[in-house]
Structure formats: C-alpha cells, structure tokens
Amino acid sequence: MSVRYKQAVPVVFGPGAVGEVGSEVKALGCGKALCVYDRGVSAAGIDEKVKAALSKAGIGIVVYDQISADPSSELVDKGAALAASEGVDCIIGIGGGSSMDAAKAISLMMDNPPPVSQYLTLPPMQLETHVPVVLVPTTAGTGSEVTAVCVISKLDTNEKLGLFHRGSVTAVLDPELTLSVPPAVTAYTGMDAFSHAVESITGRSRNPRSEVLALDAIRRIVRYLPIAYRSGADMEARTNLSLASNFAGIAFADADNHFGHSIADALSATFHTPHGLNCAWGNPELIRLIAPAVPDKLALIGQAMGLSCTGAESPVQLGEQVAAAVRELMRSCGIKSPREMGFTREQVVSGAPLAFGSGLRFNCPVDITPELAQSAMEGVYDNYQ
C-alpha cells in the first residue's frame, strides 16, 4: 500500500521571527492585510508586534479582533465582509487555533460566495482561494499554522465541522510569543499537540514521515511541558513546545486525527470546555481502545515517553501502561478530571452519540461501534479521578 506525504506550508521559525511578518507579506505581493485575532492577543501586546512589522514593510492594516473560542460561521462571515469592504489582499491570523482557523475560513469566503455555513458538511469540502494567509501562532498546541483544515462552529446544530483550505499559507513561528501563555492554557495546548502526535502515529492514514515527526513531538512534550507549566518564562521549554506543536501539526496534516478527536469534539459540544483539555481527557481512553490493533505503534509511543515497553507486555497491558503514563503527564500539569470540574458521569457519557457520529472515527485503526463509543466516554470519567 502506498502513502502520500508533503510539506504544503513554508515555516519561518525562531525567537524574534514575528519581526519578519511584514517582509513575508510583502514577498507575497500584498499591500493591505486583515489582522484576525482575539482580545487576549491584544491584551498581551502581541498584536502590536505584528502591526509594527507590517508598518515597517509599508503594509496597510485592518483589524478584526472579534474572534472567540470555537469561532462561529457568523464570525467568519462578518470578517469576510470587512475584508471585502476594506479591499485587503492578505489575511493574517494571530493567536491560537480559533484565530488561525477563522483567518483561513475568511480567506476562503473572499473567493467563494458566503455564507460559510453552506460549506460545512460531512465529509468536509475543499475550497480554493487566491488570497494568501499568514499565520502567527501564539500558543504551542493546535498546529493549525501548517494544516489545511479550519474548524468552524455551526451554532444552529451545535456542531464543529471542518473545511479544507486550498491556497497560499505561510507560518511565522516565534516561541517568544508563547511566553505569556497562562499555565492552564500551556497544559491544554500541550496535550492537544500530544494528541495530534498519538493519532498521527496510530491512524489508518499514518505514514513514515508523520511517525518520525510525531515521535519527536512526544519526546519534547513529555520533557518540556511540565517545565513550561511550572515556569512559563523558560525559553528552552517554550521553544521546544513550539517545535513539538509544529511537528505534530505537520504530522497530522498528512496522517489525520481520528477517534481521540471524536471524543474531544463530543466533550466540547457537551461542555464547551477548551479543546486541549478535552483531548487530554480522551487520549488515555483512545490508547486503551486501540492497543490491540496497533501494539507496535503503542510501543513506540511508550518508548518516546520514557517507558521500557520491552515487548513482554500483552497489547492490553501495553495500552494500560501507556495510558497510565499519559494520565501522569496530565497530573504533572495540573489538569483536573471531569469530576473535579463539576461534571457528572451521566453528562460525560451523554456525549457518546456525538463521538460515534464524528467522521474522524473512520481513520481509527479500530472499527468504532456505538458500544465502544459509550465505553470510551465512560472511561473518560471513571479512569481519571
């Protein structure tokens, strides 16, 4: 069986790289940019760094700072209308996955008739745009700067659905921009990247390059996430987590996520809790579920986490061992259980039909049934207290 992998997005990486945003936009032949971000980015002063770089390069600036977590189709349409009325020729997404996904979706709506909601379907649609996008991540987790997918919320159906962006994207990755990320967000985004890595290695669409990048990401996350959680100003930890997020993003851009993200999306729709937190809760249960199907890949993951994984373990034992190590990583970063967050077992399990209904489950190495989906959701509550 053949596999396909590629590198669709060029990456500018390093401390101070944000100063190159203007020259990157200018190199794209653009003269006026819509800067898409949330109020947290402006509160941290990161937007001013981007604006300074743009102004230095003579690029005109329009601000759209209304982005919220899990951006809605309405927010995307509003941003696209602003971009059109202002005559911008480039979109810059600054922030976490929500801002970057919104930026990609806004660029699509500049070349495709709105509203964006008509394109949010299963399976996901692919749309093209001539409007370049420059993405400046301020967290180390989503990897959205190097993927084609943009996840948008449909408020009328309470769904988070993907749309694939086909167009020019450039990533500017500056780990200094992550220094102000609070401890809890550091933990959540780190576990998001960890989940991307695990699912890249174990999914049906896995490939050799994704595996190499994902294993490297796991090693960095296990070593540096607890450090960054405890000491946010540690530049070595922040740099390594930025690389881990980026590598995991490139990995799942080709290999795709699977049932772990089905669980996370179900929890998000049920509780509206942060995506990375939901990924953390779901990851150990995913590992237990898929261990019999991909024990060789689970052994690689365990070894990357520093476990012995001698091969003497049965697949079930191996799954339990790796899952326990993931839970220990979560505890080292202060991640609370659903029970500690005030949620009941019944509430968690109620998300099972949403998890089963996710199209991502088809990339899972195990054929997911409604019963397995329910068992996984039960484990989310029961096995992490």
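Mind checking which residues of the range 285-342 are of a type in the set (S, T, N, Q), part of a loop (DSSP other than H, G, I, E, B) and either without any contact (Cβ under 8 Å) to a residue 24 or more places away in the chain or within 16 Å of residue 195 (Cβ to Cβ) (or both)?
Within the range 285-342, the subset of a type in the set (S, T, N, Q) is 303, 308, 310, 314, 317, 321, 332, 337.
Of the ones still in play, those that are also part of a loop (DSSP other than H, G, I, E, B) are 308, 310, 314, 337.
Answer for the range 285-342, where residues must be of a type in the set (S, T, N, Q), part of a loop (DSSP other than H, G, I, E, B) and either without any contact (Cβ under 8 Å) to a residue 24 or more places away in the chain or within 16 Å of residue 195 (Cβ to Cβ) (or both): 308, 310, 314.
Go through the residues of the range 354-368 one by one and say whether even a single one is closer than 17 Å to residue 191 by Cβ, among the aliphatic types (A, V, I, L, M), assigned by TED's automatic domain parsing to the domain that holds residue 282 and modelled with pLDDT of 95 or more. Can you show your working first?
As a first pass, look at the range 354-368 and keep what is closer than 17 Å to residue 191 by Cβ: none.
There is no residue in the range 354-368 that is closer than 17 Å to residue 191 by Cβ, among the aliphatic types (A, V, I, L, M), assigned by TED's automatic domain parsing to the domain that holds residue 282 and modelled with pLDDT of 95 or more.
Please pick out the residue among 222, 185, 212 that is under 14 Å from residue 139 (Cβ atoms) and either modelled with pLDDT of 95 or more or touching a helix residue (DSSP H, G or I) at 6+ places or on another chain (Cβ under 6 Å) (or both). Even if it seems obvious, please write down each step before you answer.
Values: 222 fails: under 14 Å from residue 139 (Cβ atoms); 212 fails: under 14 Å from residue 139 (Cβ atoms).
Only one candidate passes the filter, namely 185.
Restricting the first residue to the range 195-206 and requiring it to be within 17 Å of residue 359 (Cα to Cα), which pairs with a second residue that is surrounded by 24 or more Cβ atoms within 10 Å (Cβ to Cβ) and among the aromatic types (Phe, Trp, Tyr) meet a Cβ separation below 6 Å and a spacing of at least six or different chains?
196/252; 200/252
Which is surrounded by fewer than 24 Cβ atoms within 10 Å (Cβ to Cβ), in contact with a helix residue (DSSP H, G or I) (Cβ under 7 Å, 6 or more places away or on another chain) and not in a helix (DSSP H, G or I), of 239, 170, 157?
Numbers: 239 fails: not in a helix (DSSP H, G or I); 157 fails: in contact with a helix residue (DSSP H, G or I) (Cβ under 7 Å, 6 or more places away or on another chain).
Only one candidate qualifies: 170.
I need the full set of residues from the range 82-132 which are at positive phi and over 21 Å from the mean Cα position of the chain (by Cα), in order please. Spell out how you get there, then give the answer.
Taking the range 82-132 and keeping what is at positive phi, we get 87, 95.
Within the range 82-132, just 87 meets the criteria.
As an exercise: evaluate residue 72 against (1) without any contact (Cβ under 8 Å) to a residue 60 or more places away in the chain; (2) closer than 15 Å to residue 153 by Cβ; (3) in contact with a Leu (Cβ under 6 Å, 6 or more places away or on another chain) and give the number of the one condition it does not meet.
For residue 72, the exception is condition (1).
Considering the range 350-359 alone, what residues qualify as being part of a helix (DSSP H, G or I) and either among the aromatic types (Phe, Trp, Tyr) or crowded, with 20+ Cβ neighbours inside 10 Å (or both)?
Pass one, the range 350-359, residues part of a helix (DSSP H, G or I): 352-357, 359.
Matches in the range 350-359: 352, 354, 355, 356.
Residues that are in contact (Cβ under 8 Å) with a residue 24 or more places away in the chain and among the hydroxyl-bearing types (Ser, Thr, Tyr): find the helices (runs of 4 or more DSSP H) completely inside the range 1-66 holding 1 or more of those. Don't jump to the end; show me each part of the working.
On the way: elements: 21-27, 39-43, 46-56.
Filter on the range 1-66 gives 21-27, 46-56.
Cβ-Cβ under 7 Å, sequence separation 6+ or interchain: first residue in the range 257-275 and in a loop (DSSP other than H, G, I, E, B), partner of a type in the set (A, V, I, L, M). Which pairs?
So the pair list comes out as 257/360; 258/360; 273/267.
Mind listing whichever residues of the range 194-227 are touching a Cys at 6+ places or on another chain (Cβ under 9 Å) and either of a type in the set (Gly, Ala, Ser) or assigned to a helix (DSSP H, G or I) (or both)? Break it down stepwise before answering.
If we filter the range 194-227 for residues that are touching a Cys at 6+ places or on another chain (Cβ under 9 Å), which is where we start, we get 194-196, 199, 202-204, 225-226.
The answer is 194, 195, 196, 199, 202, 203, 225, 226.
Are there any pairs, at least 6 apart or on different chains, whose C-beta atoms fall under 6 Å, with the first in the range 360-385 and in a helix (DSSP H, G or I) and the second charged (D, E, K, R), and if so, which?
363/204; 363/256; 376/285; 379/285; 380/285; 381/345
Take the conditions at pLDDT 95 or above, β-branched (Val, Ile, Thr), buried (at least 24 other Cβ atoms within 10 Å of the Cβ) and under 29 Å from residue 12 (Cβ atoms) and apply them to residue 290. Does it pass?
Criteria not met by residue 290.
Search the range 49-69 for residues being small (Gly, Ala, Ser) and within 18 Å of residue 154 (Cβ to Cβ), and hand back the single one that is modelled with the highest pLDDT.
Looking at residues that are small (Gly, Ala, Ser) and within 18 Å of residue 154 (Cβ to Cβ), I get 68.
Strands (runs of 3 or more DSSP E) wholly in the range 71-143 with at least 3 residues that are among the β-branched types (Val, Ile, Thr) and modelled with pLDDT of 95 or more - which ones?
Values: elements: 90-95, 126-128, 133-137.
Strands (runs of 3 or more DSSP E) meeting the threshold: 90-95, 133-137.
The values are calculated or read from the model by the stated rules, or taken from the named source; none is laboratory data. Nothing here was measured: the structure is a model prediction, and the numbers come from that model. Don't worry about glycine lacking a Cβ; one is built from the backbone with ideal geometry, like all the others, and counts go over all protein chains shown.
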